[in-house]
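The block underneath contains the structure these notes are about, expressed in structure tokens.
The values are calculated or read from the model by the stated rules, or taken from the named source; none is laboratory data. Values in this document were obtained by computation on a predicted structure and should not be read as measured data. Virtual Cβ from ideal backbone geometry, glycine too; neighbours counted across all protein chains shown.
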Amino acid sequence: MTYRLEDLAHQVDARLVGDADCSIDSLSVLQDAVPGSISFLSNSKYRKYLKTTKASAVILEQKFLDECPTNALVSDNPYLLFAKVAQLIAPLSEKQAGQHASAIVAPSAQIDVSASIGPGVVIEDNVIIGAEVDIGAGCTIGKGCQIEDGSRLVANVTLCHHVTIGRRVLIHPGAVIGSDGFGLANDNGVWIKVPQLGSVCIGNDVEIGANTTIDRGAIKDTIIGDGVKLDNQIQIAHNVEVGAHTAIAACVGVAGSTKIGKQCTLAGGVGIVGHLEIADNVHFSAQTLVTRSFSEPGYFSGNLPAVPNRVWRKTIARIRHLEALTQRVRQLEKQSQSETNDKPDQNT
Amino acid sequence: MTYRLEDLAHQVDARLVGDADCSIDSLSVLQDAVPGSISFLSNSKYRKYLKTTKASAVILEQKFLDECPTNALVSDNPYLLFAKVAQLIAPLSEKQAGQHASAIVAPSAQIDVSASIGPGVVIEDNVIIGAEVDIGAGCTIGKGCQIEDGSRLVANVTLCHHVTIGRRVLIHPGAVIGSDGFGLANDNGVWIKVPQLGSVCIGNDVEIGANTTIDRGAIKDTIIGDGVKLDNQIQIAHNVEVGAHTAIAACVGVAGSTKIGKQCTLAGGVGIVGHLEIADNVHFSAQTLVTRSFSEPGYFSGNLPAVPNRVWRKTIARIRHLEALTQRVRQLEKQSQSETNDKPDQNT
Amino acid sequence: MTYRLEDLAHQVDARLVGDADCSIDSLSVLQDAVPGSISFLSNSKYRKYLKTTKASAVILEQKFLDECPTNALVSDNPYLLFAKVAQLIAPLSEKQAGQHASAIVAPSAQIDVSASIGPGVVIEDNVIIGAEVDIGAGCTIGKGCQIEDGSRLVANVTLCHHVTIGRRVLIHPGAVIGSDGFGLANDNGVWIKVPQLGSVCIGNDVEIGANTTIDRGAIKDTIIGDGVKLDNQIQIAHNVEVGAHTAIAACVGVAGSTKIGKQCTLAGGVGIVGHLEIADNVHFSAQTLVTRSFSEPGYFSGNLPAVPNRVWRKTIARIRHLEALTQRVRQLEKQSQSETNDKPDQNT
């Protein structure tokens, strides 16, 4: 879509500095921009590209306006403004309503006439699918699932039985929702399966990344709150609860029965052990291991970043000998103390 | 299914304390229990909910019997007892034998008449499928695979060619068994593929989680022993052997040719490098990196749990300077030694 | 295929020591070899099996020739030679050209007559598929994708819309290419989706492992260079660039907009945060967390290997008190300094 810059600014409620009649028809990054495109500056690492950008407009903060060689939309949150602009300039294509001839739909399923059911989709007994739902090629929807209005399963998504999906949920390919939790009881060295009788309940406006897995609860449901955003290859175990508007980056694993608060952020590769409670507004940095509950908001970390291997080998050796080093310091302290005591004249 | 409590106790060989005629028809957790349900106490974190539970019966250890406000089944292993009770009260639904009309089955495949082949399933040449096997929607079974009696592939499982699956194996959606191992030889900076000519052999009573991947061997087979339980998103590389009744939690990666013993447990996110041997009854805690063989049973760890980021930044700095700190202690020891030597009167 | 050993040696350009007429028809590992097979020694851990091997020939370095009990092919790079030999002895089976009756192919798709389209495949509008491409069962190819000559998608691979795949690319089951990047802008605690408008461009001779995910770029494309090899369960985020001939082992996660150089190797479980630049020939060991750019070649590490848990608990406690230990050493240094200063006679 093509917009007059002033109309665009008006629609996203931004302050325009420059030519109101400038025509914008595409999006770009600063360093590769072409005329007609709008770009943005939200990460200071890219500030060096601002002065020479060929973009016809740039979304940026007031403080960078002096450096901007072209028209600008000024905002305190340029990335948010860019998101809104992008949604206008590149709207999602609409899927056609109806069922592809190759879809296999159980007679007992209730599917809204405005829904789109793609090729090779399998929909089992008693599934309920709401208005304008879009089920892409190859998805499998197990018996008794319910998908509410406006949700989209891109392709090859698997919903196991009796999973419920809220409104405007977006699920990417390869995601599996409602697989059995890892419930095992040990009987003299042999593992006995604990039936997984709960389900998964996904709230509204949730996004679930490619190949992410969310297990069904053992007895109660696993719960993903409204507005939660899950990246790719995340593992959510049985009985977990993720609070509203929490965002979890790729490759995170959350073990069973842990409860994560609202508006938390988990960076990539974080691991959280089971049966913990994480408060609202808790943030963990990449690859951090979480082994205890956190009852207060904050920013927590626990991993060691990469250094040259030869340095690292020495560091490991030193860490291995920390106990001995501590004893040596204690010994020095004792000697120091005893020497001090040995000197009667010092305090005379 | 509904049970008289005494009948239930009898079937699972538990000691009943309370009303033999109490009627049980569902399962619950202590804190949300309703009358008619049976619950359990196996993790002391949940003991606080025992006294006020509304469950009609609770499975617990003798030592908690005094605190139990209702009927009880007493056991040294309440979680195991709960597993057995749950299997009785909520039995798996049986699949109907036969092939869905949309399944694509090679004429050379041998499929037992009691097997169930779901919609959209693809079964390639010379596949052998045993009695009461259940292949769910969208699974792909490569040529020459063999699946023994009573196994179940839930949905969208991929078996590459010539994989063998034992009896009563349960495989969750998105799992891929028999993909090529990561075999590469370097030819002056260019990677040359090493053909992966082995296969994967899965034993009896194995469970394989959603989106878990098990690569085929390079020459010999990758082997998963009887009773092994694999959670979601696990990566098992080529030529790995996992011993019987070992349980591996989600997001674990095991590199090529490593051999893991029997009855081991690997917690979530563990990584094991290649060509190692891990003895029976070895246990690794979450996110531990395993870089050497372990020849004795034991419990091993290696990761640093989360702390406040500002504390962590200081700790990292201290770790970086451990070498220097060690040198400073050595210098103090030298001075102390030299001072001691300087005092001829001390030993007089 | 069966080869005379001399013919085999000639084809792979290796020096033969032994019986030129020996007949080779299979591959083996040293310890389980049978007559008629050829084996190799490239990892010294397996040297102990050389003297008693039953293989009819062994590929090895000159320095081990004395220990070889049978015929030998001598090479400076035995593993590379084995790769070449294996490709000759066990050639890939050819797929038959044509489309399976159950494949669903959009009329606007252009598919070369020599391509093989398997059962249950879905090919959407305007897809272009080159010569001798092999699309296995259950793959979904989104609209506008292009797959060049000789590439193979094994089974159940998902390509989202407008992804481009080079020549001779091999993609294993469950891989997802072109899913949306994790682009989110925060609007007073609520996450707003940033449309992901770029795509994914995969070079020639790339291999992509099972259940690996590669997100499409936000504006520009995510780029995987020629000859890159990706193992299973890897996550490549939006806008990432991976340089030619880089090899990445399983379970690695690379965050958004990071640029990785050529001929790098990332061991299993490595995590790289976003917006970094990694030079050519950089190597990271298993589970290393990368939090800064690396501008020079080298080998980098940052993780702590497993030790007995009781040792580890003490080590963690010592690490927690490193700040205090450092202060104690400083105090001792002060005392030592002051004692030295207190002794005016020392320097006389």
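Okay, here's what the table says:
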{"item": "Unmet requirement for C:N186, which otherwise passes all of (1) free of Cβ contacts under 8 Å to residues at least 12 places away in the same chain; (2) in contact with a Lys or Arg (Cβ under 7 Å, 6 or more places away or on another chain)", "result": "(2)"}
{"item": "Residue match in the range C:137-152 (condition: of a type in the set (S, T, N, Q), in a strand (DSSP E or B), at pLDDT 95 or above and within 26 Å of the chain's Cα centre (by Cα))", "result": "yes"}
{"item": "Scope the range B:30-55; condition under 26 Å from the mean Cα position of the chain (by Cα) and small (G, A, S); matching residues", "result": "B:S39, B:S42, B:S44"}
{"item": "Residue, surrounded by the fewest Cβ atoms within 10 Å (Cβ to Cβ), within the range C:37-50, restricted to residues that are at pLDDT 95 or above and in a loop (DSSP other than H, G, I, E, B)", "result": "C:L50"}
{"item": "Residue in the range B:322-334 that is surrounded by fewer than 17 Cβ atoms within 10 Å (Cβ to Cβ), within 47 Å of the chain's Cα centre (by Cα) and either among the small types (G, A, S) or at pLDDT 95 or above (or both) present", "result": "yes"}
{"item": "Top-ranked residue of the range C:229-243 - restricted to ones that are assigned to a loop (DSSP other than H, G, I, E, B) and closer than 30 Å to A:V34 by Cα, ranked as nearest to the other protein chains (Cβ to nearest Cβ)", "result": "C:A237"}
{"item": "Filtered residue count, the range A:295-321, keeping only those that are more than 18 Å from B:A317 (Cβ to Cβ), within 22 Å of the chain's Cα centre (by Cα) and at the interface with chain B (Cβ under 8 Å from one of its Cβ atoms)", "result": "1"}
{"item": "Number of the condition not met by A:Q327 [criteria: (1) farther than 30 Å from C:S336 by Cα; (2) more than 10 Å from chain B (Cβ to nearest Cβ)]", "result": "(1)"}
{"item": "Failed condition for C:T246, given (1) away from chain A (no Cβ under 14 Å); (2) among the hydroxyl-bearing types (S, T, Y); (3) surrounded by fewer than 23 Cβ atoms within 10 Å (Cβ to Cβ)", "result": "(3)"}
{"item": "Candidate set from the range A:271-285 (those that are under 16 Å from the mean Cα position of the chain (by Cα) and buried (at least 22 other Cβ atoms within 10 Å of the Cβ)); member that is farthest from A:N303 (Cα to Cα)", "result": "A:V282"}
{"item": "Qualifying residue in the range C:107-120 (condition: crowded, with 20+ Cβ neighbours inside 10 Å and in contact (Cβ under 8 Å) with a residue 24 or more places away in the chain)", "result": "yes"}
{"item": "Criterion (under 25 Å from the mean Cα position of the chain (by Cα) and aliphatic (A, V, I, L, M)) met by exactly one of C:V85, C:V58, C:V113", "result": "C:V85"}
{"item": "Residue within the range B:184-204 that is more than 30 Å from C:L81 (Cβ to Cβ), in a loop (DSSP other than H, G, I, E, B) and within 11 Å of chain A (Cβ to nearest Cβ) present", "result": "no"}
{"item": "Filter pass, B:I104 being in the same structural domain as B:H161 (by TED's automatic domain parsing), over 21 Å from A:H161 (Cβ atoms), within 30 Å of the chain's Cα centre (by Cα) and buried (at least 16 other Cβ atoms within 10 Å of the Cβ)", "result": "no"}
{"item": "Filter result (in a loop (DSSP other than H, G, I, E, B) and under 21 Å from B:I316 (Cβ atoms)) within the range C:273-294", "result": "C:V273, C:G274, C:H275, C:L276, C:S285, C:A286, C:Q287, C:T288, C:T291, C:R292, C:S293"}
{"item": "Of all residues making up the range B:145-172, the number that are at positive phi and within 11 Å of chain C (Cβ to nearest Cβ)", "result": "1"}
{"item": "Verdict on A:T288 being crowded, with 24+ Cβ neighbours inside 10 Å, assigned by TED's automatic domain parsing to the domain that holds A:C160 and either aliphatic (A, V, I, L, M) or more than 21 Å from C:G181 (Cβ to Cβ) (or both)", "result": "yes"}
{"item": "Residue match in the range B:90-111 (condition: closer than 27 Å to A:A218 by Cα and β-branched (V, I, T))", "result": "no"}
{"item": "Residue match in the range B:305-324 (condition: part of a loop (DSSP other than H, G, I, E, B) and under 23 Å from A:L289 (Cα atoms))", "result": "yes"}
{"item": "Test: residue in the range C:208-223 that is within 14 Å of chain B (Cβ to nearest Cβ), assigned to a loop (DSSP other than H, G, I, E, B) and surrounded by fewer than 24 Cβ atoms within 10 Å (Cβ to Cβ)", "result": "no"}
{"item": "Top-ranked residue of the range A:249-266 - restricted to ones that are surrounded by fewer than 24 Cβ atoms within 10 Å (Cβ to Cβ) and at the interface with chain C (Cβ under 10 Å from one of its Cβ atoms), ranked as nearest to B:T288 (Cα to Cα)", "result": "A:T265"}
{"item": "Subset tally (residues that are part of a loop (DSSP other than H, G, I, E, B) and at negative phi) for the range C:110-128", "result": "10"}
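Residues checked against (1) in contact with a strand residue (DSSP E or B) (Cβ under 8 Å, 6 or more places away or on another chain); (2) in contact (Cβ under 8 Å) with a residue 24 or more places away in the chain; (3) within 29 Å of A:A210 (Cα to Cα):
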| site | (1), (2), (3) |
| --- | --- |
| B:W191 | yes, no, yes |
| B:V200 | yes, yes, yes |
| B:A218 | no, yes, yes |
| B:Q233 | yes, yes, yes |
| B:N239 | yes, yes, yes |
| B:V242 | yes, no, yes |
| B:T246 | yes, no, yes |
| B:T265 | yes, no, yes |
